[in-house]
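Coordinate-derived values only; no laboratory data. What you see is a predicted model; the values in this text were computed from it and never measured. All Cβ positions, even for glycine, are placed from backbone atoms using ideal geometry, and neighbour counts span all protein chains on display.
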Amino acid sequence: MLRFLNQCSRGRGAWLLMALTAFALEMVALWFQHVMGLKPCVLCIYERCALFGIMGAGLVGAIAPKSPLRYAGLAIWIYSAWKGIELSWQHTMMQLHPSPFMTCDFAARFPSWLPLDKWLPQVFVASGDCSVRQWEFLTLEMPQWLVGIFVAYFVVALLVLIAQPFKPKKRDLFGR
């Protein structure tokens, strides 16, 4: 299995598939916001940023997957998935155990050199409350689903990282 994961990490297809899954999740988030009318909170916006990080990691890894650049993509992937786990876990705890003393900010705080809420307000402006439960599917709230999604990204990233020292599986159809 580790040889297979190493082989996949050296091809563009797996990296582009990861970027595509993160892009699809971003489109679903925008669907919830603009079509269904759900208001994203600050933690939702930060979770979107973590998904954008995973999408960026997929694009970085797809640039030159056979070169050491894939390690940069892998590092971005692991960091973004870990931050996504932290943020979605914090969001889940806010919804499961609401407290007047534990609230989220009123607006997302981005660095002055990267004001995403000014550049793309349709995507990065928060207008909701973190403790309000707006959507549920199979008895799980949206942040709970995101915990599972980010954990899956993180586990696969760790397996791909562990697989890097192993030789990739050869695909010789006519060799012995």
Would you mind checking the tilt of helix 42-63 against the longest principal axis of the Cα atoms of the chain, expressed as 0 to 90 degrees and rounded to 10? 20
Exposure proxy order (Cβ contacts within 10 Å, fewest to most) of TRP135, TRP113: TRP113, TRP135
Considering all projection directions equally, how large on average is the shadow of the alpha-carbon convex hull of the chain, in square nanometres? 12.6
Fewest to most Cβ atoms within 10 Å: ILE149, ILE45 sort as ILE149, ILE45
Rh (Kirkwood; distinct C-alpha pairs) - segment 99-148, Å: 13.1
For segment 66-166, what is one quarter of the convex hull surface built on the Cα atoms, given in nm²? 9.2
If you project the alpha carbons of segment 1-93 onto the principal axes, what extent comes out on each, in Å, largest first? 43, 26, 22
Mind listing which trypsin sites (Lys or Arg not before Pro) in segment 26-96 are in a DSSP loop and have 14 or fewer other Cβ atoms within 10 Å? LYS66
Using +1 at the C-beta of Lys and Arg and -1 at the C-beta of Asp and Glu, which of LEU161, PRO111, VAL28 has the Cα lying farthest in the positive direction of the dipole of the chain? LEU161
